[in-house]
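Undergrad: My questions will all concern the structure given below.
The values are calculated or read from the model by the stated rules, or taken from the named source; none is laboratory data. Not measured: the values here are computed from a predicted model. Note that each Cβ is placed from the backbone with ideal geometry, even for glycine, and that neighbours are counted across all protein chains shown. Side chains are part of the model used for accessible areas, which takes the heavy atoms of the whole protein and leaves out ligands, DNA and RNA. Shrake-Rupley method; radii C 1.70, N 1.55, O 1.52, S 1.80 Å.
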Amino acid sequence: MPEASVHIEPDVAQWVALSLIDGVGSATLCQLLSQFGTPANVFAASRSQLRHIVSDNITAAICAGVDEATIAPTLEWLSQPGNHLITLADSIYPKALLEIANPPALLYAKGQPDCLSLPCLAVVGSRNATPQGEKNAEDFAENLSRHGLCIVSGMALGIDGAAHRGALKANAPTIAVVGTGLDIVYPAKHRDLAHRIVNRGLIISEFPLGTPSKAQNFPRRNRIISGLSIGCLVIEANLDSGSLITARQAAEQGREVFAIPGSIHSPVAKGCHQLIKQGAKLVESTEDILSEIQPILPLQPHFNTSPIGSLPERANASPEANTVLDSMGVDPIHFDVLLTATGLTVSALSTMLTLLELDGKISPLHGGKFQRLV
């Protein structure tokens with residue numbers, strides 16, 4: 001196979017080479033950089049200097065210099081359009097991650113790295129979500145995206161995937177943080193979703209290419225999801241859910257934690273209820289989240305959130321909107337019942353329901369029913 005002809009800067013090759021040394025994880029790499037400043041300086045360090053920081057095996061590997069054969073596949077990957085290596089030394093490295101206790105020394109990225117400069121909100125939850133849970137995740141993500149937030153999740157089945165789909169539905173960027181190398185799509189069922197995320201947003205990982213899905217990778221992945229974000233919204237989680245790890249890490253990182261409650265009989269609601277007991281904010285609408293984080297959000301979204309043209313005029317406090325909301329009550333109500341109660345035409349009611357949904361005031365349910373959220 002011929003070598004790639006694309007030029008790779010020497011410092012990038014040294015970052016890759018240092019990170020791929022067996023035993024050099026993110027913490028060790030950060031420790032070496034703290035001592036020597038740059039990967040070039042690490043490779044130039046003497047054996048005696050290195051032995052004070054790392055093991056003899058790692059010292060020997062560093063002193064042997066850059067292993068061209070080992071780094072070649074990664075450099076080939078980086079030569080392809082849309083693939084990036086983002087290091088602590090780069091201006092685009094997300095400042096939010098610099099605030100956490102153990103920031104990744106480097107990130108492999110695929111897609112649009114400018115997304116990392118946007119205000120982010122993590123949306124996570126059960127892989128075995130209920131249909132209503134996935135609907136909630138998609139609706140919340142879509143609405144929050146329209147308010148200028150970039151949705152961050154883990155591209156897993158269930159809530160994660162629904163959150164990414166909601167952001168994409170708003171024609172907004174979304175960031176997926178994964179626990180594998182970026183040459184692997186996991187789960188395979190999300191291959192199409194991954195392509196859509198790359199086209200509009202970004203997929204990132206701190207794991208080298210070829211890293212398979214391993215259970216121990218995901219808690220490390222989760223600290224990045226929470227670390228990138230202003231806050232973390234949990235939608236459906238069992239008591240043993242990895243989402244609770246993300247929420248705990250978010251709290252430890254000083255981020256806001258939000259949780260949507262559910263039925264006391266539902267296993268996927270128990271994790272959220274536990275978080276609420278521990279101080280997470282109970283969320284019933286997107287306004288519950290925005291009211292907490294609005295002071296630190298930009299005045300306008302950084303991206304176009306309308307898929308086709310501009311959004312229709314909001315319902316706000318129009319007489320028709322108030323009539324619909326007053327007629328809904330607090331329980332789910334069928335369209336036909338609402339039609340009779342409001343006296344509106346089918347077309348007028350349909351339009352008003354769409355506007356109220358965009359405003360986050362109602363949520364469509366299965367079977368032609370609607371639920372008031374405010």
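Undergrad: Which one, Ala96, Asn143, Ala176, projects farthest toward the positive side of the charge dipole computed for the stretch 53-194 from Cβ point charges (K/R +1, D/E -1)?
TA: Projecting each Cα onto the dipole axis, the largest value belongs to Asn143.
Undergrad: Quick one: among Ile264, Ile62, Ile204, which has the greatest mean-square fluctuation in a GNM of the chain with alpha-carbon springs under 10 angstrom?
TA: Ile264
Undergrad: Mind listing the long-range amide H neighbours of Val257? Cut-off is under 5 Å, sequence gap 5 or more, other chains count too, H placed in the peptide plane at 1.01 Å from N.
TA: Excluding prolines and chain starts, which carry no amide H, the hits are Cys232, Lys281.
Undergrad: Take the Cα gyration tensor of the stretch 150-256, multiply each eigenvalue by 5, square-root it, and list the three semi-axes largest first, rounded to whole angstrom.
TA: Computed over the stretch 150-256, the values are 20, 17, 13 Å.
Undergrad: Rg and Dmax of the stretch 132-176, Cα atoms, in Å?
TA: Cα only, the stretch 132-176: 8.8, 25 Å (Rg, Dmax).
Undergrad: Moving to a separate point now. On a 0 to 90° scale, report how tilted helix 242-252 is relative to the longest principal axis of the chain, with both axes built from alpha carbons and the result rounded to the nearest 10.
TA: Tilt of helix 242-252: around 80 degrees.
Undergrad: OK, next. Fully extended, how many nm does the chain gain between Asp56 and Phe335 (0.36 nm per residue separation, minus their Cα-Cα distance)?
TA: Residue separation times 0.36 nm, minus the Cα-Cα distance, leaves 93.3 nm.
Undergrad: Could you grab the relative contact order for the chain? Cα pairs under 8 Å, six or more apart, rounded to a whole percent.
TA: Value for the chain: 13 percent.
Undergrad: Okay, moving on. Counting only heavy atoms of the protein chains, get the accessible area per residue of the chain (1.4 Å probe) and round it to a whole Å² value.
TA: 46 Å²
Undergrad: So what is the relative contact order for the stretch 198-299, in percent, with contacts set as C-alpha pairs under 8 Å and at least six apart?
TA: With pairs under 8 Å counted, the relative contact order is 22 percent.
Undergrad: So, one more: Carbon and sulfur atoms: what percent of the 1.4 Å accessible area of the chain do they account for?
TA: Carbon-and-sulfur percentage of accessible area, whole number: 53.
Undergrad: With everything on Cα atoms, drop me the angle between helix 131-146 and the longest principal axis of the chain, reported from 0 to 90° to the nearest 10.
TA: The answer is roughly 80 degrees.
Undergrad: For the chain, what are Rg and Dmax over the alpha carbons, in angstrom?
TA: Both quantities, over Cα of the chain: 23.4, 84 Å.
Undergrad: Where a Cα-Cα gap under 25 Å defines reach, which lysines qualify for Lys214, not counting those fewer than 8 residues away within the same chain?
TA: Within the straight-line cut-off, Lys214 pairs with Lys110, Lys189.
Undergrad: Estimate the FRET efficiency between Glu76 and Ala101 by the formula 1/(1 + (r/R0)^6), using the beta-carbon distance for r and 25 Å for R0, to the nearest 0.05.
TA: That gives a FRET efficiency of 0.15.
Undergrad: Of Lys361, Lys95, Lys214, which is the most mobile in a GNM of the chain whose springs link Cα atoms less than 10 angstrom apart?
TA: Result for the chain, Cα springs under 10 Å: Lys214 fluctuates most.
Undergrad: Next question, about the same structure. If each DSSP helix of 4+ residues adds -39,500 (n - 2.57) and the sum is divided by the residues in the chain, what number results at 222 nm, nearest 500 deg cm²/dmol?
TA: After summing the helix terms and dividing by the residues of the chain, the value is -12500 deg cm²/dmol.
Undergrad: Further question on the same structure: Given DSSP loops and a limit of at most 15 other Cβ atoms within 10 Å, what is the longest stretch of the chain that contains no such GluC sites (Glu not before Pro)?
TA: That would be 100-283.
Undergrad: Same structure, new question: Under the √(5λ) rule applied to the eigenvalues of the Cα gyration tensor, what semi-axes describe the equivalent ellipsoid of the stretch 27-171? Give them in Å, descending.
TA: One finds semi-axes of 39, 16, 15 Å for the stretch 27-171.
Undergrad: Moving to a separate point now. With axes computed from alpha carbons, what is the tilt in degrees of helix 159-169 against the longest principal axis of the chain, rounded to the nearest 10 within 0 to 90?
TA: It is inclined by approximately 70 degrees.
Undergrad: If you don't mind, there's one more thing I want to ask. Looking at this model, which pairs from Lys169/Lys281; Lys135/Lys369; Lys270/Lys361; Lys281/Lys361 are more than 21 angstrom apart at the alpha-carbon?
TA: The pairs that break the limit, which is 21 Å between Cα atoms, are Lys169/Lys281; Lys270/Lys361.
Undergrad: Suppose every Lys and Arg Cβ carries +1 and every Asp and Glu Cβ carries -1, with no other charges. What dipole size does the chain come out with about its Cα centre, to the nearest 20 debye?
TA: Using only the charged Cβ atoms, the result is roughly 500 debye.
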